[in-house]
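The values are calculated or read from the model by the stated rules, or taken from the named source; none is laboratory data. This one's a predicted model, so the numbers in the text were calculated from it and none came from an experiment. Here Cβ is always computed from backbone atoms with ideal geometry, including for glycine, and neighbour counts include all displayed protein chains. In case anyone asks, the SASA skips ligands and DNA or RNA and just uses the protein heavy atoms, side chains included. Shrake-Rupley method; radii C 1.70, N 1.55, O 1.52, S 1.80 Å.
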Amino acid sequence: AAKGAPPRSASGGGGFARSAVATTLTYLAIFIVVICLRASGELNQARDRELSNAAAAAQEAATAINNSIERAQSALLTVAQLDSGAPLSNGAVLAAAQSATGASAMVLSNGRKIAGDGVPSRAFESALARSDSGHVLYGAIQLDGVQQTMIAVTQDLSGQRTAVTLLAPTGALKRLGARGEAFIAPQAEIDQRFGAADFSKQMNSRLVQGDVKARQILAAAPLTKSSLAVALRLPAQDLMANEQRTLGVYAMLLAGTVLAGVVLCAVFFAQGARMKRTEEALQETETRFRIAVDAARCGVFEWMLAEDEVYLTDLLAKLMGADAAGKFSGERFLEFVHPDDRAAVRNALKTAAAAGAAEFTFRAGPTDRPLWLQARGRLIADSDKPMRIVGVA
């Protein structure tokens, strides 16, 4: 472009880099948010899964114990029915209860043990003495020289006697105890120990937060027809291991995403720097060209044939009498041409469209002192631009 043409901006490369980097950072931020949300979602799912498994394990143990309690209650009810017809001896009561349930049994009279296996603790014996028929209790018993806790199912008989079946829930609790602590206790006691009101009245679980060693999973499931519940306290080691694996995978994904973003930003900055150097070199070349054109008292024109519009550089516009460089209609351009030469200029342009080049001489400027201008131009027909003639005068 000659003098008067809009100069190229040397900051275009920097603008490209800033725009590209801003776009990259925007997408990078979106990816980071998505990765964090996905990681949070997976951590929550893993936690819910561990809590559900713990609650299901407690419920499974409670179901097994409930089945044993129901069998014992049914057997004792049968013994009570037999006893109501003709009072059974203590030995017969024990034999019938043990045969039907496969468990230990006792016979109490006025709350005191008079026959059967094991020696109940004073607290347990007192609780049995106060219990009504069909109650389910839990307490300590000395059996075969071993102190253990057992479930007692009671059934009133004739003669102020009470038949008791003793169930040892060790099998169901042992499987749970292999992972942590499993026990049976009154629901109120479990709620107090776990620090959550009404926690054990239904199948439930919760995560106790804390430092790495203090995190625990608590679960409980109630026993039917009693105020007892199965409780489970597990260390959250499996959950923490899963969280560490998940965080490790997403940390690597996050690091890879950030690294890719940094590399792209560096590439964009490098490309922007190359574009800036190229634009500066081009601007310097254009500056030299403008100086050379001005020194030769030449101007540049561009005639768009389809639109019939002419662009004039500053010097050519001044030579022809226009106020400043710019785009003019064909008719307005011819007004700067001497009236006697206008037809020749038009004809030269028409000929250039067919011949591919044009060369013509015309007068321009004030009619009393016109300037003679010699114009040479060439037809340019690019696929992406309209046909035009570009030349110098």
Problem - Mean residue ellipticity (222 nm) of the chain, computed from DSSP H runs ≥ 4 via -39,500 (n - 2.57), nearest 500 - result: -17500 deg cm²/dmol
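Might you tell me the accessible area per residue for the chain, computed with a 1.4 Å probe and given in Å²?
Details: 21330 Å² over 393 residues.
Value for the chain: 54 Å² per residue.
Just subtract the alpha-carbon distance of residue 378 and residue 198 from 0.36 nm times their residue separation and send over the number in nm, one decimal.
Extra length available between residue 378 and residue 198 comes to 55.3 nm.
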Practice task
Would you check the accessible area of residue 74, probe 1.4 Å, heavy atoms only, in square angstrom rounded to 10?
Solution key: 70
Problem - Net charge dipole size for the range 193-272 [Lys, Arg +1 and Asp, Glu -1 on Cβ; Debye, nearest 20] - result: 420
Exercise for the section: Can you list which of the trypsin sites (Lys or Arg not before Pro) found in the range 245-300 are DSSP loop residues with at most 16 other C-beta atoms within 10 Å? Expected result: 297
Problem - Label point distance in nm, residue 130-residue 82, each placed 7 Å from Cα along Cα→Cβ - result: 3.2
Practice task
Using a Förster distance of 45 angstrom, determine the FRET efficiency expected from the C-beta separation of residue 273 and residue 368, and round it to 0.05.
Solution key: 0.20
Handout entry: FRET efficiency, 1/(1 + (r/R0)^6) with R0 30 Å, evaluated for residue 29 and residue 292 via beta carbons
Key = 0.05
Exercise for the section: Measure up 318/385; 350/385; 174/225; 113/174 against 26 Å on the Cα-Cα distance and list the ones that go over. Expected result: 318/385; 113/174
Completion exercise
When every protein chain stays in place and a 1.4 Å probe is rolled, 124, 328, 16 sorted by accessible area with the largest first are 16, 328, 124
Fill in the blank from the handout: To the nearest 20 debye, the range 197-336 has a Cα-centred charge dipole, built from +1 on Lys and Arg Cβ and -1 on Asp and Glu Cβ, of 1620
Handout entry: Net length gained if the chain between residue 359 and residue 387 were fully extended (0.36 nm per residue, minus Cα distance)
Key = 8.3 nm
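Please work out how much length the chain gains when fully extended from residue 346 to residue 44, using 0.36 nm per residue of separation minus the C-alpha to C-alpha distance, in nm with one decimal.
So the chain would gain 100.7 nm between residue 346 and residue 44.
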Handout entry: Cα-centre dipole for the chain with unit charges at Cβ (Lys and Arg positive, Asp and Glu negative), debye to 20
Key = 580
